[in-house]
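Report on the following structure.
The values are calculated or read from the model by the stated rules, or taken from the named source; none is laboratory data. Since the model is a prediction, treat every value here as computed from it, not as a measurement. Here the Cβ positions follow ideal geometry from the backbone for every residue, glycine too, while neighbour counts run over all protein chains shown. To get the accessible areas, we keep the full protein, side chains included, count just its heavy atoms, and leave off ligands, DNA and RNA. Shrake-Rupley method; radii C 1.70, N 1.55, O 1.52, S 1.80 Å.
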Amino acid sequence: MKRIKFSDHVILLAGVFFMVAPVALAFLTSTHDAVTIYKSGMQFTFGDQFLQNYETVLTRAGGFTKEVDGLVMLKNSLILGLGFAIGKIIISMLAAYAIVYFRFPFASLCFWVIFCTLLLPLEVRILPSYEIVQGLGMVNTYSGLIVPLIASATGTFFFRQFFLSVPDELLEAARIDGAGPWKFFIDILVPLSKTMIAAIFIIMFVYGWNQYLWPTLITTEESLFTLVRGIKQIMQVWIGAQIPDFNEAMALAILAMLPPVVIVVIFQSWFIKGLVESDK
Amino acid sequence: MATITLDSVRKVYAGNVEAVKGVSIDIQDGEFIVLVGPSGCGKSTLLRMVAGLEDITTGEVKIGERVVNNVDPADRDIAMVFQNYALYPHMSVYNNLAYGLKNRGMAKGEIDRRVKEAARILEIGEYLDRKPRALSGGQRQRVAMGRAIVREPAAFLFDEPLSNLDAKLRVQMRVEIKRLQKSLGTTSVYVTHDQLEAMTLADRLVVLNKGNIEQIGAPIEVYDRPASTFVASFIGSPAMNLLPVSANGSGLQLEGGEGLSGPNTYGRDKYTVGIRPEHLRVVDAGSSHPDAGLSLDLVVNVLEPVGAESFVYASFAKGGPEMVIRVSNHARYQPGEKLQLIADAQDVHFFDGGNGKRI
Ligand SMILES: Nc1ncnc2c1ncn2[C@@H]1O[C@H](COP(=O)(O)OP(=O)(O)O)[C@@H](O)[C@H]1O
Ligand SMILES: [Mg+2]
């Protein structure tokens, strides 16, 4: 192996610095009061308002209606992130299962149609999607927030490729062992897909968590606001009237970052296990 | 335990590929049948039709007295062992064995008894908690066998179960499969392309060629009286020497070579003469053997010692196919040496020169 040189460390350290510095800066700034930040910008020291700021952000009801606080928004974000990720996994696994294991007319056409929607991000179909959700009376509901987003070409594609790599003999052995289509799916395919599921869960949770445009359209009631929206809200409400609460916005931003980080840390060990152990 | 009856079974795959062309076999209760043939001859297809994994295009498969053409694999009372083992990777060995029984709603106690019993027979008791990936190839093979045994089925179906093992383990498992099958007395159909495996395992061999049965019979019967040039060249190693000849006066004329002394009394223009390597004997040059079935003069190309015996590769002076002769491992023939060889009349096989069938 090549010896690690001093310059390698420098490059890595620079990388770490660029990745971590903005987060650290946001965190440090969030521990000061609004006036300090307004006067002298981002802070490089740990201030004395840490507990106070975070408590305010989490528990003080804000917005126009005074019925949404940080905890509610955190809950909404979690519901959106989890619902989005779990829904996507279930739907795309079932779709991929049908495409790979069942012979039905136009199966491959179906797949390619699904695949083509990969080329159309949410933003392209956002107005028709809104029309439908509104028509169904699902505006301002969690299902309206989640369901229209969960059909996933990406997930279907990944699961399809994975299922195709599962040896046919496994299905045949299961058939002889008396497992019907449903049992085969639950007892064999799902456990085999564990690492695939973990990977897609991470990606989709973070993606769902960070959704901004769709929740903005679908939820007008503040009790349904998500954290990502909330950050914006803090800035909007107070601007003009007095000093913007930069400290609270920063604290909320830090809070908004935490759950995805936790998810990644938890599932990462699975992820690596899946890569190291060959299972098939 | 059951008989298996195949009646004119045909399989046509999409795209008009006729993989199996009207095969009929009566398999006795407790019999060990080996389907053998070169790769692509339709062995697996035939086996999979018995298993129910492949639709039967026409014909009928009966297990016991029941026609199973439209019966689900799970309800055919068969168990199958696959070439790549097809163990469930995420389940422990115990659960691999138990899965099929659980799905049948068997009581926990009975499942446990059967799994333990199979584990004892196969000596995999200490691995019951392991995942398949933590097992060696031979151990996985045993687990796959165990999964078949616990079901206590009417028939075992094997599709090249030893192909993924190394040579030594293959011999060992071969012996074990035979022993196990005899002690359980379960009707078995075993697919292989390895003629040695086929010979050693089978009660009866079914030699397949391009979707047709070439011959059915006990291994020795098939070896001693191959029904066609295909069987003659496929069963036995090194393969039987086959000489294309035509009738020539009272003798035979080797195609592209010399005249041979031998009978041409079957009333045909063209024959194929077959002699196994072990049936050719070296005799003193120039000696006369009027009662020999065939007498050949050959020139040694190479001597190949394999340990217990040696093989001489030799050709005719005027051309024709290269011949193999089995000789004692003490023989020291030099390349270029001239040999006279004879074979007894009963060891010389005659096949039709056209369709290759035995005469
Ligand atoms: N699913 C299939 N679709 C079309 N042709 C097939 C299929 N499976 C096998 N075949 C063809 O049928 C023939 C016999 O195949 P197989 O039974 O697997 O042979 P073997 O097991 O003797 O090697 C081959 O020519 C193969 O190409
Ligand atoms: Mg095969």
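Report whether or not B:GLN215 is under 12 Å from the mean Cα position of the chain (by Cα), modelled with pLDDT of 95 or more and in the same structural domain as B:GLY137 (by TED's automatic domain parsing).
When the stated conditions are applied, B:GLN215 passes them.
Yes/no per residue for (1) part of a strand (DSSP E or B); (2) open to solvent by less than 90 Å² (accessible area, probe 1.4 Å); (3) outside the structural domain of B:PRO226 (by TED's automatic domain parsing); (4) touching a helix residue (DSSP H, G or I) at 6+ places or on another chain (Cβ under 9 Å):
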{"residue": "B:VAL273", "(1), (2), (3), (4)": "yes, yes, yes, no"}
{"residue": "B:SER287", "(1), (2), (3), (4)": "no, yes, yes, no"}
{"residue": "B:ASP291", "(1), (2), (3), (4)": "no, no, yes, yes"}
{"residue": "B:LEU296", "(1), (2), (3), (4)": "yes, yes, yes, no"}
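Which of the residues spanning segment B:126-135 are exposed (fewer than 14 other Cβ atoms within 10 Å of the Cβ) and away from every other protein chain (no Cβ under 14 Å)?
The answer is B:GLU126, B:ASP129.
Could you tell me which numbered condition B:LEU47 fails, if it satisfies all but one of (1) within 16 Å of ligand 1 (Cβ to nearest atom); (2) on the phi > 0 side of the Ramachandran plot; (3) more than 8 Å from chain A (Cβ to nearest Cβ); (4) not polar (S, T, N, Q)?
Answer for B:LEU47: the failing condition is (2).
Take the residues in segment A:171-187 that are crowded, with 21+ Cβ neighbours inside 10 Å and facing chain B (nearest Cβ under 7 Å); name whichever of them is farthest from B:LEU87 (Cα to Cα).
Ranking the qualifying residues of segment A:171-187, first place goes to A:ALA179.
Considering only residues that are within 16 Å of ligand 2 (Cβ to nearest atom) and assigned to a loop (DSSP other than H, G, I, E, B), which ones fall in segment B:20-53?
Residues satisfying the conditions are B:GLY37, B:PRO38, B:SER39, B:GLY40, B:CYS41, B:GLY42, B:LEU53.
Which residue is nearest to A:PHE225 (Cα to Cα), if the candidates are limited to segment A:31-51 and must be polar (S, T, N, Q) and at pLDDT below 85?
Looking at the filtered set, the residue picked out is A:GLN49.
Among the residues of segment B:106-119, is there at least one that is within 13 Å of another protein chain (Cβ to nearest Cβ), of a type in the set (A, V, I, L, M) and either more than 16 Å from ligand 2 (Cβ to nearest atom) or open to solvent by 40 Å² or more (accessible area, probe 1.4 Å) (or both)?
Yes, that holds for at least one residue.
So B:LYS102 fits all but one of (1) modelled with pLDDT of 95 or more; (2) within 14 Å of ligand 2 (Cβ to nearest atom); (3) open to solvent by 20 Å² or more (accessible area, probe 1.4 Å); what number is the exception?
(2)
Regarding B:ASP7, is this residue of a type outside the set (Lys, Arg), more than 8 Å from ligand 1 (Cβ to nearest atom), assigned to a strand (DSSP E or B) and farther than 20 Å from B:ALA198 by Cα?
It is true that B:ASP7 is of a type outside the set (Lys, Arg), more than 8 Å from ligand 1 (Cβ to nearest atom), assigned to a strand (DSSP E or B) and farther than 20 Å from B:ALA198 by Cα.
Kindly evaluate B:GLY354 against the criterion of being closer than 19 Å to B:SER246 by Cβ and either open to solvent by 50 Å² or more (accessible area, probe 1.4 Å) or touching an Asp or Glu at 6+ places or on another chain (Cβ under 7 Å) (or both).
yes
For A:SER7, indicate whether it is open to solvent by 40 Å² or more (accessible area, probe 1.4 Å) and hydroxyl-bearing (Ser, Thr, Tyr).
Considered against the rule, which asks whether it is open to solvent by 40 Å² or more (accessible area, probe 1.4 Å) and hydroxyl-bearing (Ser, Thr, Tyr), A:SER7 comes out as yes.
Against the condition in contact with a Phe, Trp or Tyr (Cβ under 9 Å, 6 or more places away or on another chain), open to solvent by 20 Å² or more (accessible area, probe 1.4 Å), of a type in the set (A, V, I, L, M) and farther than 30 Å from B:THR58 by Cβ, how does B:MET145 come out, does it pass?
Against the criterion (in contact with a Phe, Trp or Tyr (Cβ under 9 Å, 6 or more places away or on another chain), open to solvent by 20 Å² or more (accessible area, probe 1.4 Å), of a type in the set (A, V, I, L, M) and farther than 30 Å from B:THR58 by Cβ), B:MET145 does not qualify.
If I ask for residues that are of a type in the set (A, V, I, L, M, F, W, C), closer than 17 Å to B:LEU280 by Cβ and open to solvent by 20 Å² or more (accessible area, probe 1.4 Å), which ones from segment B:216-270 would you list?
B:ALA239, B:LEU242
Considering each residue of segment B:17-34, count those that are near ligand 1 (Cβ under 8 Å from one of its atoms), buried (at least 21 other Cβ atoms within 10 Å of the Cβ) and more than 23 Å from B:ASP72 (Cβ to Cβ), and give that number.
Going through segment B:17-34 one residue at a time, the tally reaches 0.
Given the conditions (1) within 16 Å of ligand 2 (Cβ to nearest atom); (2) within 21 Å of B:GLU176 (Cα to Cα); (3) not in a loop (DSSP other than H, G, I, E, B), which single one is not true for B:ALA86?
(3)
Among the residues of segment A:107-116, is any surrounded by 12 or more Cβ atoms within 10 Å (Cβ to Cβ), in a helix (DSSP H, G or I) and in contact with a Leu (Cβ under 8 Å, 6 or more places away or on another chain)?
Among the residues of segment A:107-116, not one is surrounded by 12 or more Cβ atoms within 10 Å (Cβ to Cβ), in a helix (DSSP H, G or I) and in contact with a Leu (Cβ under 8 Å, 6 or more places away or on another chain), which makes the answer no.
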